[in-house]
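The values are calculated or read from the model by the stated rules, or taken from the named source; none is laboratory data. Just so we're clear, the structure is a prediction, and the values are computed from it rather than from any experiment. When we count neighbours, we look across all protein chains shown, and the Cβ atoms used for this are built from the backbone with ideal geometry, even at glycine.
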Amino acid sequence: MSAPAAATAAVPSRFKPGDPVAVRQAYPPGHIRTPWYVRGRCGTVVHALGPFPNPEELSYNRSGLPAQPLYRVRFRQTEIWPDYAGNRRDTVDIEIYQHWLEPAGDAR
Amino acid sequence: MTDPLSAAHAHPHRHPPRPDTDDTLGHYQIMEIAIRELLIEKGIVTPAEIQRAIEAMDARGEALGARIVARAWTDPVFKARLMADGTEAVRDFGVDMGTTRLFVVENTPAVHNMIVCTLCSCYPRMVLGLPPDWYKSRNYRSRAVREPRGVLREFGLSVPDDVEVRVHDSTADMRYLVLPLRPGGTESLSAERLAALVSRDAMIGIAFARNP
Amino acid sequence: MREPFRGHHDMGGLPAGRVEKTEHDYAFWEKRVDAMNVLLASKGHLRVDEMRRNIEALPPDAYDRMSYYERWISAIAATLLQRGVLTADELGRKMEAIAQREGVPR
């Protein structure tokens, strides 16, 4: 997979598949691609997708550089919705940019 | 009519048109005409480019996705490429994913995948064409992540309790395509016959591939 | 008390009704909107993230009331105005002229 041309200036990647991560519980203004429902929740990195320009900046027609590493993060439904009515192993996978993630000790 | 872009669009209608069709000009349709004419006057786009973009859009649909799935079912080398790098693999079918990437997720006897975009309506349009209305609806976008099994039941799909339901929320640069489970008893079928069993809905993950 | 703002578009997990399996054949004007979006993006006059920001900026009642491609054309207009590709005056005058030409009553 070739890196996007614009991603030559990229933030170093902090996470790898298998790492437990927590999504920042943050509420910045502007155009945000981290869904509300997952903020403050813990999950596990399942794929490191490489650097992509930051959409929060692209949305104001700026370069989005340095590019942010993007990850697919897997969350147990029961971690997001404590009253989830389904198989306890059901999951939701969400793409999250690195600046929204912190290391977590326990992804549950 | 000399302007093909303002001609009534002649193609068979399989679904009822909505009120906001070509028949009456509302505020936003007037806005569309105005922007298009201004962009043409300024030399930013040409009518021919718009026509070609529409033709390219019309050429993409579930048949393309179904051919990709059928090839993956019948060609293990292609399947491995598709799973490793969908963007690259679908170039075999003339598909250019543009600034997005294709990420294929495979259904297995233990995992059922389904696709949603809760923030807007991201959809693998380069392989499936334009999305159906329900995919863009508030009800689907709100509920698919919180009660996927309930939503699947409303579509008539019952996923066994011991199968993990894995929802993919398309929040960023990936576009997802579900590789459905190949139906049993299809070992002797050609890729062409197999493709006929694969619906758009199966590739979004709200249906299974059909039995022959 | 801090009360963060949740965007109206950011609806994952909110209560909502039964999913009705609705679809329609796209009208030609809807395809033209889509085509313009594709072309403007490929020519560097608009980014999809700008489009999304402008769609998200719609008032909640407008977001719900407008059809999908009504939201799109309004966001294309907003983006082109923000970038100075079009001015409000020329767009307004053009819309007036088209309404007159097509005999659309005020």
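B:Val105 fulfils the conditions (1) part of a strand (DSSP E or B); (2) at the interface with chain C (Cβ under 9 Å from one of its Cβ atoms) except for a single criterion, (2).
Which count do you get for residues in the stretch B:48-76 that are in a helix (DSSP H, G or I), more than 10 Å from chain C (Cβ to nearest Cβ) and under 23 Å from B:Arg125 (Cα atoms)? Give the derivation first.
Just the residues of the stretch B:48-76 that are in a helix (DSSP H, G or I), to begin with: B:48-59, B:62-74, B:76.
When the remaining residues are screened for being more than 10 Å from chain C (Cβ to nearest Cβ), the result is B:48, B:59, B:62-74, B:76.
The next check asks that each one be under 23 Å from B:Arg125 (Cα atoms); those that pass are B:48, B:59, B:62-73.
Residues meeting the conditions: 14.
One residue is enough: does the stretch B:184-205 have a residue meeting the conditions within 29 Å of A:Gln98 (Cβ to Cβ) and crowded, with 21+ Cβ neighbours inside 10 Å? Checked against the condition, which is being within 29 Å of A:Gln98 (Cβ to Cβ) and crowded, with 21+ Cβ neighbours inside 10 Å, the stretch B:184-205 yields at least one hit. Scanning the stretch A:86-108 for residues that are in a strand (DSSP E or B) and within 10 Å of chain B (Cβ to nearest Cβ) yields A:Thr91, A:Val92, A:Asp93, A:Ile94, A:Glu95, A:Ile96, A:Tyr97.
Among residues of the stretch C:46-65 being touching a helix residue (DSSP H, G or I) at 6+ places or on another chain (Cβ under 7 Å) and assigned to a loop (DSSP other than H, G, I, E, B), the one that is farthest from the other protein chains (Cβ to nearest Cβ) is C:Leu58.
Mind listing just one residue for me: the one in the stretch A:31-44 that is among the β-branched types (Val, Ile, Thr) and surrounded by fewer than 23 Cβ atoms within 10 Å (Cβ to Cβ) and, of those, farthest from A:Asp93 (Cα to Cα)? It would help to see each step written out before you state the result.
Initially, the stretch A:31-44 is screened for residues among the β-branched types (Val, Ile, Thr), giving A:32, A:34, A:38, A:44.
Filter once more, so that each one left must be surrounded by fewer than 23 Cβ atoms within 10 Å (Cβ to Cβ): A:32, A:44.
Working: A:Ile32: 17, A:Thr44: 9 Å.
My answer is A:Ile32.
Evaluate the following for A:Ser59: is it among the small types (Gly, Ala, Ser), surrounded by fewer than 17 Cβ atoms within 10 Å (Cβ to Cβ) and either in contact with a helix residue (DSSP H, G or I) (Cβ under 7 Å, 6 or more places away or on another chain) or more than 10 Å from every other protein chain (Cβ to nearest Cβ) (or both)? Steps first, please.
Working: among the small types (Gly, Ala, Ser): yes; surrounded by fewer than 17 Cβ atoms within 10 Å (Cβ to Cβ): no; either in contact with a helix residue (DSSP H, G or I) (Cβ under 7 Å, 6 or more places away or on another chain) or more than 10 Å from every other protein chain (Cβ to nearest Cβ) (or both): yes.
Judged against the criteria, A:Ser59 is not a match.
Taken together, the criteria place B:Arg81 among residues that are touching a helix residue (DSSP H, G or I) at 6+ places or on another chain (Cβ under 7 Å), in the same structural domain as B:Ser190 (by TED's automatic domain parsing) and at pLDDT 95 or above. Yes or no: the stretch B:141-161 includes at least one residue that is closer than 22 Å to C:Leu14 by Cα and within 15 Å of the chain's Cα centre (by Cα). Taking every residue of the stretch B:141-161 in turn, none turns out to be closer than 22 Å to C:Leu14 by Cα and within 15 Å of the chain's Cα centre (by Cα).
Exactly one residue among B:Gly86, B:Gly156 is crowded, with 24+ Cβ neighbours inside 10 Å and either among the small types (Gly, Ala, Ser) or closer than 22 Å to B:Glu187 by Cα (or both), and that residue is B:Gly86. Return the residues of the stretch C:66-106 that are β-branched (Val, Ile, Thr) and in a helix (DSSP H, G or I); say none if nothing qualifies. Of everything in the stretch C:66-106, those that are β-branched (Val, Ile, Thr) and in a helix (DSSP H, G or I) turn out to be C:Ile73, C:Ile76, C:Thr79, C:Ile98. Please pick out the residue among C:Ala97, C:Ala62, C:Ala88, C:Ala16 that is at pLDDT 95 or above and crowded, with 16+ Cβ neighbours inside 10 Å. After ruling out the rest, the residue left standing is C:Ala16. Got a sec? Which of A:Arg89, A:Arg14 is touching a strand residue (DSSP E or B) at 6+ places or on another chain (Cβ under 6 Å) and either at pLDDT 95 or above or under 29 Å from B:Gly150 (Cα atoms) (or both)? Unique residue meeting the criteria: A:Arg89.
Go over the candidates C:Glu102, C:Glu70 one by one and state the one that is surrounded by fewer than 17 Cβ atoms within 10 Å (Cβ to Cβ) and facing chain B (nearest Cβ under 10 Å). Before the answer, list the steps.
On the way: C:Glu70 fails: surrounded by fewer than 17 Cβ atoms within 10 Å (Cβ to Cβ).
Going through C:Glu102, C:Glu70 in turn, just one is surrounded by fewer than 17 Cβ atoms within 10 Å (Cβ to Cβ) and facing chain B (nearest Cβ under 10 Å): C:Glu102.
Annotation for the stretch A:62-85: no member residue is within 7 Å of another protein chain (Cβ to nearest Cβ) and on the phi > 0 side of the Ramachandran plot. Annotation note: Cβ proximity below 6 Å between a residue of the stretch B:43-65 that is among the basic types (Lys, Arg) and a residue that is surrounded by 14 or more Cβ atoms within 10 Å (Cβ to Cβ) (sequence gap 6+ or interchain) occurs for B:Arg60/B:Gly129.
For B:Gly94, indicate whether it is more than 8 Å from chain C (Cβ to nearest Cβ) and surrounded by fewer than 24 Cβ atoms within 10 Å (Cβ to Cβ).
Yes; evaluated as a whole, the condition is true for this residue.
Of all residues in the stretch C:1-45, those that are over 13 Å from the mean Cα position of the chain (by Cα), more than 7 Å from every other protein chain (Cβ to nearest Cβ) and assigned to a helix (DSSP H, G or I) total 3.
What do you reckon, is B:Ala34 crowded, with 19+ Cβ neighbours inside 10 Å and assigned by TED's automatic domain parsing to the domain that holds B:Ala191?
Numbers: crowded, with 19+ Cβ neighbours inside 10 Å: yes; assigned by TED's automatic domain parsing to the domain that holds B:Ala191: no.
When the stated conditions are applied, B:Ala34 does not pass them.
If the condition is being more than 16 Å from B:Pro109 (Cβ to Cβ) and out of contact with any helix residue (DSSP H, G or I) (no Cβ under 8 Å at 6 or more places or on another chain), then the stretch B:170-189 contributes B:Ser170, B:Thr171, B:Asp173, B:Met174, B:Tyr176, B:Glu187, B:Ser188, B:Leu189. Considering B:Met126, B:Met97, the condition of being in the same structural domain as B:Leu82 (by TED's automatic domain parsing) and closer than 19 Å to B:Ala202 by Cβ is satisfied by B:Met126 alone.
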